[in-house]
Amino acid sequence: MAEHNQDLTLMNAKMHQATEELRLSDIADIRLGHPFRGTVKQYDNGDVNVVQVRDTEPTGEINQYTMVETVLNTKKQPDWLQNGDVLFVAKGAKHYSVLVEQVLERTVCSPHFFVVRLKPEFKDVIVPDFLCWQLNQQPAQRYFKATAEGSMYLSIRRQVLENVPIKVLKFEKQKQLSAMHRCAVREQKVLQKLIENRQQQLEAIAIHALESSCV
C-alpha cells in the first residue's frame, strides 16, 4: 500500500511539471511498424489487416475499408495494433498522426509509421484522442518540420519523435478538445459533400442548357 502511494506521489509530481518537462517518450512507448520488405502484397485469403499511409487522413482518421489483407511469413508473433494506439506518419511529405479505434483483429501497420502506445501509468491521465490531436497541431508540426531529414522524401527519426514536447491538460479539458475536433471533422465532411453535390447540380444544368438549346 505504501509503495502504491509512493508511485502515485511520484506520478503526481511528474504531472505537476508536465507543461515544462514532459516529452513523448515520458508518457508512451514508441516502436516502428511491422517490418514489411517492399510492397505489401494483397491476398484473397489473407488473415492479417494492414494499415498503410494511403488508408489514413490528416484529420486523424483511418479508413478500414481500404486496408489490404495479407499473409505474414514470420514465426514471431506480431505486436498487433490496439485501440488507443496512435500511428505517426514518419516518412513522406506530411507528418501527421491518426488514432486507432474499433481496430479489426490481427491488424498491423506498415513501417512508414511509428506506433505510439501510452504507458500503463498514463492511460488514466492522457486521452489518446487528445494526444493524436496535439501531435497534429502547429507547435508539434513546426517541431517536426524543423527536424525532418532528407530533401524530397522527408523522414522523422525515432529520437526526434521521442523528444517532441507534450503538454498535458486536465483530463476533462482533453476530452473537451477531442470532442470539438471530432465535431469539426464531421462538419467538414458534411460541407464537402454539399459542395460536391452543388458542383454536380451545376454540371448537370450546364449540360442540359448547352446540349438542348437551339443555336
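The values are calculated or read from the model by the stated rules, or taken from the named source; none is laboratory data. Values in this document were obtained by computation on a predicted structure and should not be read as measured data. We place every Cβ from the backbone using ideal geometry, glycine too, and count neighbours over all the protein chains shown. When the accessible area is computed, the model is the full protein with side chains, heavy atoms only, and any ligands, DNA or RNA have been set aside. Shrake-Rupley method; radii C 1.70, N 1.55, O 1.52, S 1.80 Å.
Listed values, structure above:
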{"read-out": "Residue within the stretch 109-119 that is under 30 Å from E69 (Cβ atoms) and of a type in the set (K, R) present", "value": "yes"}
{"read-out": "Residue selected from the stretch 167-215 under the condition of a type outside the set (V, I, T), more than 25 Å from Q134 (Cβ to Cβ) and part of a loop (DSSP other than H, G, I, E, B), by the criterion least open to solvent (accessible area, probe 1.4 Å)", "value": "S213"}
{"read-out": "Qualifying residue in the stretch 130-142 (condition: under 30 Å from A28 (Cα atoms) and either part of a loop (DSSP other than H, G, I, E, B) or over 20 Å from the mean Cα position of the chain (by Cα) (or both))", "value": "yes"}
{"read-out": "Search result, residues across the stretch 56-104 that are of a type in the set (G, A, S) and part of a loop (DSSP other than H, G, I, E, B)", "value": "G60, G84, A90, G92, A93"}
{"read-out": "Given (1) among the charged types (D, E, K, R); (2) modelled with pLDDT of 85 or more; (3) out of contact with any Ser or Thr (no Cβ under 8 Å at 6 or more places or on another chain), number of the condition K41 does not satisfy", "value": "(3)"}
{"read-out": "Filter result for K123 (closer than 21 Å to R31 by Cα, open to solvent by 90 Å² or more (accessible area, probe 1.4 Å) and either at pLDDT 85 or above or among the small types (G, A, S) (or both))", "value": "yes"}
{"read-out": "Search result, residues across the stretch 86-109 that are open to solvent by less than 20 Å² (accessible area, probe 1.4 Å) and either of a type in the set (K, R) or closer than 23 Å to R142 by Cα (or both)", "value": "V86, L87, F88, V89, A90, G92, H95, S97, V98, L99"}
{"read-out": "Residue count, the stretch 58-85 (criterion: within 26 Å of D44 (Cβ to Cβ) and either acidic (D, E) or open to solvent by 30 Å² or more (accessible area, probe 1.4 Å) (or both))", "value": "15"}
{"read-out": "Residue within the stretch 147-156 that is under 27 Å from P111 (Cβ atoms), open to solvent by 90 Å² or more (accessible area, probe 1.4 Å) and free of Cβ contacts under 8 Å to residues at least 60 places away in the same chain present", "value": "yes"}
{"read-out": "Selection status of V116, closer than 18 Å to R31 by Cα, in a strand (DSSP E or B) and among the aliphatic types (A, V, I, L, M)", "value": "yes"}
{"read-out": "Meets criteria (outside any helix (DSSP H, G or I), open to solvent by less than 40 Å² (accessible area, probe 1.4 Å) and in contact with a helix residue (DSSP H, G or I) (Cβ under 6 Å, 6 or more places away or on another chain)) for V160", "value": "no"}
